[in-house]
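Enquirer: Provided herewith is a single structure, encoded as structure tokens, for subsequent inquiry.
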Amino acid sequence: MKSIQQLRESIDTIDDSILKLLVERMEFVEEIGRLKRENNTVIYHPDREKEIVDRLASKYTGKLSKAAIEAIFLEIFGVSRNLELPEIISFLGPEGSFTHQAAESRFGAVADYISLPSIRSVFDSVETGRAKYGVVPIENNQEGMVKETMDLLNERNLFIISEIIIPVNFCLASKENSIHQIQKIYSKDIAFQQCKGFLQDYFNHKSEDFFVQVDSTSKAAKLAVEDTKAAALCSHIAAKIYSLPILFDNIQDSEANQTRFFIISKVENLKKTDKDKTSLAIKLKHDDKPGALLSLLKDFEDVQINLLKIESRPQKDTHEFKFWFFIDIEGNKLDENVQQILDKRKDEIIFLGSYMNLC
């Protein structure tokens, strides 16, 4: 049997080989980046990344699950994109938020990020060119749609180029090794609500002032670093940013809690995949007539398009009580039946984006 030192030396040899291959890979990436710049081609292609992960996962992977392969290669993709063309990505902050986690899950840890205080400021950053891409929340499967994001998609001339789905997982992080020595827990109100079961199991005897509400889970992690007898209910990325050890992981009550995010850009990123989704903003011209919405829905039925979501939002450019609709449909703008709808309703529809359907 080999000793630990011998095994480590074998791992070092493999690591050297991996590094050599990564350097070689990046040489090809740099050449692709040069060609993309010459042709003014979009750098971010989630469909291509999915294709690579699916291809690799279909091979013999030993102990590596598909999720593990995806996690490893998403970092490689992030480094590759930054080498092809350094890009600034804005996101709804603060640093360590779930939106930050969503951004890193697609653009990698080495990208140049800007944390912004509001969804509107993320849209502003992309629209003015201060950021190439923006990452904003659009929907939580427990709480519903994010109204501000819907409204800004309708108001601004930006496109959805991808969606990101991440589970809302909380951890308990602290510099204190024993939970019995923890004197307070910092977190945001919603995190306390979503981790009630864990808190009742482990801290049921504590008084109310033991649980300290702050503005964000990121701030909670920062405070827990400064207060060695405290802990934070926070995201994994917040614990990582502040180098805060995790005592308990995935302590939220619901394993089904997920949030959907959009990546927005000034440029459409149209490319068909085997499973696409298109988002539309629709303002009906004759909404004062009976059957106006039914007529719209019938148009989708006639061309065999499945509706995935429909949400009404108030029209803010009028004194009247009128509404527009945010709609998700199956399919891509490049599909003939989708194009039929866009042509027929061109005075009523704003195309928001076609992208790979992940949920």
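Enquirer: Scanning for something outside any helix (DSSP H, G or I), open to solvent by 70 Å² or more (accessible area, probe 1.4 Å) and touching a helix residue (DSSP H, G or I) at 6+ places or on another chain (Cβ under 8 Å), does the stretch 90-97 turn up at least one residue? Show your work before the answer.
Expert: The initial filter retains those residues of the stretch 90-97 that are outside any helix (DSSP H, G or I), namely 90-97.
Add one more test, that the residue is open to solvent by 70 Å² or more (accessible area, probe 1.4 Å), and what stays is 95.
Imposing the further condition that a residue be touching a helix residue (DSSP H, G or I) at 6+ places or on another chain (Cβ under 8 Å) reduces the set to 95.
Among the residues of the stretch 90-97, at least one is outside any helix (DSSP H, G or I), open to solvent by 70 Å² or more (accessible area, probe 1.4 Å) and touching a helix residue (DSSP H, G or I) at 6+ places or on another chain (Cβ under 8 Å), which makes the answer yes.
Enquirer: Can you tell me which residue among S125, S80, S118 is open to solvent by 30 Å² or more (accessible area, probe 1.4 Å) and out of contact with any Pro (no Cβ under 7 Å at 6 or more places or on another chain)?
Expert: Values: S125 fails: open to solvent by 30 Å² or more (accessible area, probe 1.4 Å); S80 fails: open to solvent by 30 Å² or more (accessible area, probe 1.4 Å).
The match here is S118.
Enquirer: If you check V53 against the conditions, is it open to solvent by less than 40 Å² (accessible area, probe 1.4 Å), without any contact (Cβ under 8 Å) to a residue 24 or more places away in the chain, in a helix (DSSP H, G or I) and in contact with an Asp or Glu (Cβ under 9 Å, 6 or more places away or on another chain)?
Expert: On the way: open to solvent by less than 40 Å² (accessible area, probe 1.4 Å): yes; without any contact (Cβ under 8 Å) to a residue 24 or more places away in the chain: yes; in a helix (DSSP H, G or I): yes; in contact with an Asp or Glu (Cβ under 9 Å, 6 or more places away or on another chain): yes.
Criteria met by V53.
Enquirer: Still on this structure, please answer the following. Checking the structure you have, find out if any residue of the stretch 311-325 is under 17 Å from E163 (Cβ atoms) and in contact with a helix residue (DSSP H, G or I) (Cβ under 6 Å, 6 or more places away or on another chain). Spell out how you get there, then give the answer.
Expert: Start the filter on the stretch 311-325 by keeping residues that are under 17 Å from E163 (Cβ atoms), which leaves 311.
Adding the requirement that they be in contact with a helix residue (DSSP H, G or I) (Cβ under 6 Å, 6 or more places away or on another chain) leaves none.
No, the stretch 311-325 contains no residue that is under 17 Å from E163 (Cβ atoms) and in contact with a helix residue (DSSP H, G or I) (Cβ under 6 Å, 6 or more places away or on another chain).
Enquirer: Filter the stretch 205-231 for residues that are within 15 Å of D189 (Cβ to Cβ), polar (S, T, N, Q) and open to solvent by 70 Å² or more (accessible area, probe 1.4 Å) and give the result.
Expert: Answer for the stretch 205-231, where residues must be within 15 Å of D189 (Cβ to Cβ), polar (S, T, N, Q) and open to solvent by 70 Å² or more (accessible area, probe 1.4 Å): just Q213.
For every residue, the table says whether it meets (1) out of contact with any Lys or Arg (no Cβ under 9 Å at 6 or more places or on another chain); (2) at negative phi; (3) open to solvent by 10 Å² or more (accessible area, probe 1.4 Å); (4) acidic (D, E).
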position	(1), (2), (3), (4)
M150	no, yes, no, no
F159	no, yes, yes, no
P167	yes, yes, yes, no
L172	yes, yes, no, no
K175	no, yes, yes, no
S178	yes, yes, yes, no
I182	no, yes, no, no
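Enquirer: Out of the residues in the stretch 105-114 meeting the condition of being of a type outside the set (G, A, S) and either modelled with pLDDT of 90 or more or surrounded by fewer than 22 Cβ atoms within 10 Å (Cβ to Cβ) (or both), tell me which one is farthest from F77 (Cα to Cα). Please lay out each step first, then the result.
Expert: Taking the stretch 105-114 and keeping what is of a type outside the set (G, A, S), we get 106-107, 110, 112-114.
Now narrow it down to the ones that are either modelled with pLDDT of 90 or more or surrounded by fewer than 22 Cβ atoms within 10 Å (Cβ to Cβ) (or both): 110, 112-114.
On the way: V110: 10, D112: 14, Y113: 16, I114: 19 Å.
Result: I114.
Enquirer: Further, regarding this structure: Report yes if L358 is closer than 19 Å to N269 by Cβ, open to solvent by 90 Å² or more (accessible area, probe 1.4 Å) and in contact (Cβ under 8 Å) with a residue 60 or more places away in the chain, otherwise no.
Expert: On the way: closer than 19 Å to N269 by Cβ: yes; open to solvent by 90 Å² or more (accessible area, probe 1.4 Å): no; in contact (Cβ under 8 Å) with a residue 60 or more places away in the chain: yes.
No; evaluated as a whole, the condition is false for this residue.
Enquirer: Would you be able to tell me the number of residues in the stretch 318-350 that are open to solvent by less than 30 Å² (accessible area, probe 1.4 Å), among the hydrophobic types (A, V, I, L, M, F, W, C) and in contact with a Lys or Arg (Cβ under 9 Å, 6 or more places away or on another chain)?
Expert: Residues that pass the stated criteria total 6.
Enquirer: Also, quick follow-up: Within the stretch 274-317, can you find the residues that are open to solvent by less than 40 Å² (accessible area, probe 1.4 Å), within 29 Å of E49 (Cβ to Cβ) and part of a loop (DSSP other than H, G, I, E, B)?
Expert: The one that is open to solvent by less than 40 Å² (accessible area, probe 1.4 Å), within 29 Å of E49 (Cβ to Cβ) and part of a loop (DSSP other than H, G, I, E, B): I305.
Enquirer: Still on this structure: Can you confirm whether the stretch 309-328 contains a residue that is farther than 25 Å from V146 by Cβ and touching a Ser or Thr at 6+ places or on another chain (Cβ under 8 Å)?
Expert: Taking every residue of the stretch 309-328 in turn, none turns out to be farther than 25 Å from V146 by Cβ and touching a Ser or Thr at 6+ places or on another chain (Cβ under 8 Å).
Enquirer: Can you name the residue in the stretch 318-341 that is assigned to a helix (DSSP H, G or I) and in contact (Cβ under 8 Å) with a residue 24 or more places away in the chain and, of all such residues, is nearest to D276 (Cα to Cα)?
Expert: Narrowing the stretch 318-341 to residues assigned to a helix (DSSP H, G or I): 336-341.
Next cut, in contact (Cβ under 8 Å) with a residue 24 or more places away in the chain only: 337-338, 340-341.
Numbers: N337: 13, V338: 11, Q340: 17, I341: 16 Å.
Here the answer is V338.
Enquirer: Restricting attention to the stretch 239-270, which residues are surrounded by 19 or more Cβ atoms within 10 Å (Cβ to Cβ) and in a loop (DSSP other than H, G, I, E, B)?
Expert: Result: Y242, L244, I251, Q252, N269.
The values are calculated or read from the model by the stated rules, or taken from the named source; none is laboratory data. The structure presented is a predicted model; accordingly, all values stated were derived computationally and were not measured. Neighbour counts run over all protein chains shown; Cβ positions are idealised from the backbone, glycine included. Surface accessibility is based on the protein's heavy atoms, side chains included, excluding ligands, DNA and RNA. Shrake-Rupley method; radii C 1.70, N 1.55, O 1.52, S 1.80 Å.
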